[in-house]
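Undergrad: Starting off with a structure, shown below.
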Amino acid sequence: MTEEILEPDLPIIDPHHHLWDLRPLMGAFPEPQHPFIEALGDNAYYTFDELHAHLTSGHNVIGTVFMECGAFYRADASDDMKVVGEVEFVNGVAAQSACGLYGPLRACAAIIGHANLQLGDKAAPVLERLQAAAPDRFRGIRHQAAWDADPEVLGAPFHAPEGLYRDATFREGFTHLGRMGLTFDAWLLEPQLPDILDLARAFPDQPICLDHCGTPLNIASYHGKLHERFDTWRHNIHELAKCENVVVKLGGLAMAFCGLPEKGPAAGFSSEDLGAMWRPYIETCIEAFGPSRAMFESNYPVDYWGADYPVLWNAFKRITLGASADEKRALYAGNAARFYGIEHILPAA
């Protein structure tokens with residue numbers, strides 16, 4: 001779908017996207033395919049060229065943050081250390097973007113990798129290797145905890161154990177993030193929000209980012225239950241917002257898991273349609289966390305399920321139409337720059 005770009009001069013830092021080559025794995029998933037796999041489509045291969053095309057499709061995206069996704073791991077490393085390969089690869093992409101041949105955009109200005117915190121204290125040397133692999137850009141890790149008793153909710157690609165964020169050995173590894181000054185991104189599902197609340201309260205000095213508005217569910221056994229679960233989600237979001245060490249990413253709602261929309265991939269919904277679907281979740285998050293602790297994200301290419309890249313950002317801009325200029329600067333770039341330590345890419349005030 002082609003739309004006129006709204007507020008084309010507004011600077012954006014996209015704080016959540018992936019890079020990967022999943023083509024060798026596409027035949028490994030069982031039939032019928034989960035909508036997550038279906039949504040990938042041509043985006044099973046998504047590296048700098050594909051990303052650059054989206055980032056330069058009309059909105060003023062000045063920089064991005066890469067989010068771990070299990071891509072390009074080292075084939076010849078131990079299970080603990082193979083994750084270093086992803087950060088090495090992305091650091092090269094960041095260098096490609098920073099060379100100036102592709103314009104002023106700074107893709108992957110910050111890099112969020114992965115380390116298995118279930119290693120406990122043995123996670124420390126992994127974190128140190130990740131930091132050494134991209135000393136100017138590595139900012140932290142994500143260790144996703146998405147789990148549900150219904151196996152059809154997540155599908156084959158996800159295998160987090162139940163209650164991961166409450167696990168004592170995980171928390172032993174988690175302590176090393178604070179020691180090294182690293183951030184933590186949390187992905188889990190709406191029914192699991194009490195788990196991240198418990199973790200945030202236990203580590204009040206650790207910067208934590210909740211991904212994807214807490215991932216409301218409209219799939220498998222949760223299909224059709226968004227409305228009845230909304231109050232529970234909203235209560236947990238407001239409780240989590242009381243933890244001043246937590247920020248929230250506004251997005252991820254176009255994933256197949258959320259069913260907003262239910263049809264995909266890229267079913268052609270307008271930004272007006274998407275904005276109406278997403279508004280209750282995004283406005284609740286901004287109300288709870290405030291405009292200084294929330295940031296818009298694309299979650300591309302996963303959110304290709306429900307939205308083309310320029311339409312996705314148009315939908316966000318429709319939702320914030322009444323926000324002040326200062327609030328927009330924070331929500332679209334400033335908060336991401338501050339949380340991930342990339343203020344240097346912000347335009348001069």
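The values are calculated or read from the model by the stated rules, or taken from the named source; none is laboratory data. Here the structure is a predicted model, which is why all the values come from computation and not from measurement. Positions of Cβ are generated from backbone atoms using ideal geometry, with glycine treated the same way; all protein chains shown enter the neighbour counts. Ligands, DNA and RNA are stripped out before the accessible areas are found, and what is left, the full protein with its side chains, is counted by its heavy atoms. Shrake-Rupley method; radii C 1.70, N 1.55, O 1.52, S 1.80 Å.
Undergrad: Given the pairs LYS249/LYS317; LYS82/LYS122; LYS249/LYS328; LYS82/LYS249, which span a C-alpha to C-alpha distance of over 22 angstrom in this model?
TA: LYS82/LYS249
Undergrad: Counting only DSSP beta bridges with both residues in the chain, what percent are antiparallel, rounded to the nearest 5?
TA: 10
Undergrad: Using a 1.4 Å probe, what is the accessible area per residue for segment 237-306, in Å²?
TA: 30
Undergrad: State the answer as a single residue: which of THR284, LEU331, ALA267 lies farthest towards the positive end of the charge dipole of segment 262-349, with beta carbon charges of +1 for Lys and Arg and -1 for Asp and Glu, about the Cα centre.
TA: About the Cα centre, the residue reaching furthest to the positive side is LEU331.
Undergrad: How do 14-23, 327-336, 89-98 rank on mean C-beta neighbours within 10 Å, highest first?
TA: Working: 14-23: 21.8, 327-336: 23.3, 89-98: 20.0.
Per-residue mean Cβ counts within 10 Å order the peptides as 327-336, 14-23, 89-98.
Undergrad: Of all accessible surface on the chain at a 1.4 Å probe, what whole percent is carbon and sulfur?
TA: Summing carbon and sulfur atoms, their accessible area is 51 percent of the total for the chain.
Undergrad: In the neighborhood of ARG142, defined by Cβ-to-Cβ distances under 14 Å, what is the net charge if each Lys or Arg adds +1 and each Asp or Glu adds -1?
TA: -3
Undergrad: Which cross-chain or sequence-distant (5 or more) residues have an amide H under 5 Å from the amide H of ARG106, H modelled 1.01 Å from N in plane?
TA: Here GLY63, THR64 satisfy the definition.
Undergrad: Calculate, for segment 42-83, the solvent-accessible area per residue in square angstrom, rolling a 1.4 angstrom probe over the heavy atoms of the protein chains.
TA: Computed with neighbouring chains in place, this is 43 Å² per residue.
Undergrad: May I ask you to evaluate 6.51 cos²θ - 1.76 cosθ + 1.60, the Karplus curve with θ = phi - 60°, for each residue of segment 158-173 and list the ³J(HN,Hα) values in order in whole Hz, giving x for glycine and proline?
TA: 10, 9, 5, x, 4, x, 4, 6, 9, 6, 5, 5, 4, 5, 4, x
Undergrad: Normalising by the residue count of the chain, find the relative contact order in percent from Cα pairs under 8 Å and 6+ residues apart.
TA: That works out to 20 percent.
Undergrad: Here's another thing I want to ask about it. List the GluC sites (Glu not before Pro) within segment 145-213 that fall in a DSSP loop (any state other than H, G, I, E or B) and whose Cβ has at most 13 other Cβ atoms within 10 Å.
TA: Values: sites: GLU152, GLU162, GLU172; in loops: GLU162.
Counting only loop positions with at most 13 other Cβ atoms within 10 Å, the GluC sites (Glu not before Pro) in segment 145-213 are GLU162.
Undergrad: Toward the positive end of the charge dipole of the chain, about the Cα centre and with charges on Cβ (Lys, Arg +1; Asp, Glu -1), which of CYS69, GLN144, THR169 goes farthest?
TA: Positive-most Cα among the choices belongs to THR169.
Undergrad: So if we plug the beta-carbon distance of TYR102 and ARG338 into 1/(1 + (r/R0)^6) with R0 = 22 Å, what FRET efficiency do we get, rounded to 0.05?
TA: After rounding, the FRET efficiency stands at 0.30.
Undergrad: Work through the residues other than HIS212 whose Cβ is under 12 Å from its Cβ and net out their charges, Lys, Arg +1 and Asp, Glu -1.
TA: -3
Undergrad: When the dipole is taken about the Cα centre of segment 99-239, and only Lys, Arg (+1) and Asp, Glu (-1) are charged at their Cβ, what size is it in debye, to the nearest 20?
TA: 560
Undergrad: Compute the Cα gyration tensor for segment 184-327, then decide on rounded, prolate or oblate, letting a ≥ b ≥ c be the square roots of its eigenvalues: rounded whenever a/c is under 1.5, prolate when a/b is larger than b/c in the other cases, and oblate in all that remain.
TA: Since a/c reaches 1.5 but b/c is at least a/b, the shape of segment 184-327 is classed as oblate.
Undergrad: I would also like to ask the following. How would you classify the chain from its alpha-carbon gyration tensor, with a ≥ b ≥ c the square roots of the eigenvalues: rounded for a/c under 1.5, else prolate if a/b is greater than b/c, otherwise oblate?
TA: Working: a/c = 1.20, a/b = 1.09, b/c = 1.10.
It comes out rounded by the Cα gyration axes.
Undergrad: Quick check for me: using +1 on Lys/Arg Cβ and -1 on Asp/Glu Cβ, what's the dipole size of segment 206-340 about its Cα centre, in debye to the nearest 20?
TA: The dipole of segment 206-340 has a size of about 160 debye.
Undergrad: Right, here's the next one. Per DSSP H run of n ≥ 4, the term is -39500 (n - 2.57); total these for the chain, divide by its residue number, and report the mean residue ellipticity at 222 nm rounded to 500 deg cm²/dmol.
TA: After summing the helix terms and dividing by the residues of the chain, the value is -10500 deg cm²/dmol.
Undergrad: Quick one: grab the alpha carbon gyration tensor of segment 109-170, order the square roots of its eigenvalues as a ≥ b ≥ c, and give me rounded if a/c is under 1.5, else prolate or oblate depending on whether a/b is larger than b/c.
TA: Taking the square roots of the gyration eigenvalues as a ≥ b ≥ c, segment 109-170 is oblate.
Undergrad: Follow-up question, since we're still on this one. Can you give the local net charge around LYS82? Use residues other than it whose beta-carbon is closer than 15 angstrom to its beta-carbon, Lys and Arg +1, Asp and Glu -1.
TA: Surrounding charge for LYS82 is -3.
Undergrad: Go through segment 86-97 residue by residue and turn each phi into a ³J(HN,Hα) via Karplus (6.51, -1.76, 1.60, θ = phi - 60°); whole Hz please, and just put x for glycine and proline.
TA: 4, 5, 4, 4, 5, 4, x, 4, 4, 5, 4, 5
Undergrad: Another one. Please give the FRET efficiency for GLU88 paired with THR169, using the beta carbon to beta carbon distance and R0 = 30 Å, rounded to the nearest 0.05.
TA: That gives a FRET efficiency of 0.65.
Undergrad: Order 208-220, 237-249 from most to least packed using the mean count of other Cβ atoms within 10 Å.
TA: In decreasing order of mean packing, 208-220, 237-249 become 208-220, 237-249.
Undergrad: How far apart, in nm, are two points set 7 Å out from the Cα along the Cα-to-Cβ line at ALA276 and at HIS238?
TA: That separation, rounded to one decimal, is 2.7 nm.
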